[in-house]
Amino acid sequence: MPKILVTGAAGYIGSHVARQLGERGEDLVILDNLSTGFRSAVLYGDLVIGDTGDRDLVARVLADNDIDTVLHFAAHIVVPESVANPLKYYRNNTSNTRNLLECCVEAGVKHMIFSSTAAVYGIPAEGAASEDTPTAPINPYGWSKLMSEQMLKDVSAATPLRHVALRYFNVAGADPGGRIGQSTPEATHLLKVACEAVVGKRPGLSVFGTDYATPDGTCIRDYIHVEDLAAAHLKALDHLRAGGISATLNCGYGKGFSVREMLRMVEKVAGMKLDVAEGPRRAGDPPELIARAERIREQLGWQPAHDDLEHIVRTALDWERRLLRQPMV
Ligand code: UDP
């Protein structure tokens, strides 16, 4: 039976997808350089420690394991860092994806599922983006992913490879079984930062901008539970295995919550008040970013099972408490 290669499966989203794949009996090989991921987040599959930019290693892993499908998560994901150090992003996210793709074509890999991002839309008019909304990234992170999408499209047109690119909106929450979650230090994402404040890892947090043209003045995002996002990858795999055509699909719930609404929910779940300061806007933040999310339901038959902000917050906070007791290695 051909195996599946999962790059970046020691990281946040990749580890949840690999866990779901492993639970349903798929045979996995994991490629991760452990630069931001953790060995203990790899619950299934054989871990190869290395880089997606290492041509010899990737070619060997593909050949030795009879890989017919690659799920590619390995990437840098911090938007402000991409602004400060764009070439780091173009190397890891774009050049390394090019290398991986070349190795995949040479090895006859049939399917690729690619982690893309809502950042490809930049600042969409009216705050919501469908897959047909023009792409217009406003930071190198978004460009680095959009360029990879383009390579995938071109390669899929020129070779037998077929792919699904999933454009993630704001991924949050953790494994409801409490085994894995977002563990990277120096968090920047809102819910993670708020959970760190709840458990005392930081004194409080700031709201970045309260003067946006939104109902309460703070930015609105479409938060999707990582379990639902992971399930979308399994649906994408089934689609490709069944002979489905290449596709680019939004992953979100199609509804938004403001920063203040998120923080209120964290306070409710935690049963405590947070120390919240109101600060200036953060550069590069679109006021509103919501998925038009019909297409993934139509094309993959994906249905969310965790579409509940309180549940998202509860699983994230449970994970943060677990991390405090038992740091990741
Ligand atoms: N945000 C905030 N304080 C924080 C972190 C984030 O007010 O400490 C805001 C941020 O400005 C944005 C929203 O929360 O409006 C979501 O930001 P996050 O970094 O979680 O995800 P992004 O949408 O940038 O991918």
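Annotations for the structure displayed:
- Reference-scaled alpha-carbon Rg (2.2 N^0.38 Å with N residues) for the chain: 0.95
- Backbone N atoms of region 194-236 closer than 16 Å to the 7 Å Cα→Cβ label point of Arg325 belong to residues 199-200.
- Gain on full extension, evaluated as 0.36 nm per residue between Arg39 and Arg91 minus their Cα-Cα distance, stands at 16.4 nm.
- Remark: region 234-329 is approximated by an ellipsoid whose semi-axes, taken from the C-alpha gyration tensor as √(5λ), come to 32, 20, 13 Å, largest first.
- Alpha-carbon centroids, region 306-322 and region 162-234: separation in whole Å: 10 Å
- Net charge dipole, the chain: roughly 380 debye, given to the nearest 20, about the Cα centre with Cβ charges of +1 for Lys and Arg and -1 for Asp and Glu.
- Atom-type composition of the exposed protein surface of region 223-329 places 49 percent of the accessible area on carbon and sulfur (1.4 angstrom probe).
- Accessible surface of region 64-150, 1.4 Å probe: 55 percent of it comes from carbon and sulfur atoms.
- Simple rule: put +1 on each Lys or Arg Cβ and -1 on each Asp or Glu Cβ in the chain, find the dipole, and look at Val164, Val329, Asn99; the Cα lying farthest toward the positive end is Val329.
- The figure for His311 is an accessible area of roughly 50 square angstrom, using a 1.4 Å probe on the protein chains alone.
- Greater than 18 Å apart at Cα, pairs in Lys201/Lys273; Lys145/Lys192; Lys88/Lys153; Lys88/Lys110; Lys145/Lys235; Lys145/Lys255: Lys145/Lys192; Lys88/Lys153; Lys88/Lys110; Lys145/Lys235; Lys145/Lys255
- Based on the reciprocal of the average 1/r between different C-alpha atoms, the Kirkwood radius for region 110-160 equals 11.8 Å.
- Which of Lys145, Lys201 is most accessible, then next, and so on - probe 1.4 Å: Lys201, Lys145
- In Å, descending, principal axis extents of the Cα set of region 92-180: 40, 38, 22
- Computed from the C-beta positions of Asp216 and Arg241 and an R0 of 35 Å, the FRET efficiency is 0.20 to the nearest 0.05.
- For the chain, calculated [θ]222 nm from helices alone, where every DSSP H run of n ≥ 4 adds -39500 (n - 2.57): -11500 deg cm²/dmol
- Estimated distance in nm for a label pair at Glu126 and Leu57, the labels positioned 7 Å out from Cα along Cα-to-Cβ: 4.6 nm
- The distance between label points at Gln303 and Asp27 comes to 3.2 nm (points 7 Å beyond Cα on the Cα→Cβ vector).
- Residue-normalised accessible area of the chain, given per residue in Å² at a 1.4 Å probe: 42 Å²
The values are calculated or read from the model by the stated rules, or taken from the named source; none is laboratory data. No experiment lies behind these values; they were computed from the predicted model shown. Reconstructed Cβ throughout: ideal geometry from the backbone, glycine too, with neighbour counts over all protein chains shown. Please note that ligands, DNA and RNA were not included when accessible areas were found on the heavy atoms of the full protein model with its side chains. Shrake-Rupley method; radii C 1.70, N 1.55, O 1.52, S 1.80 Å.
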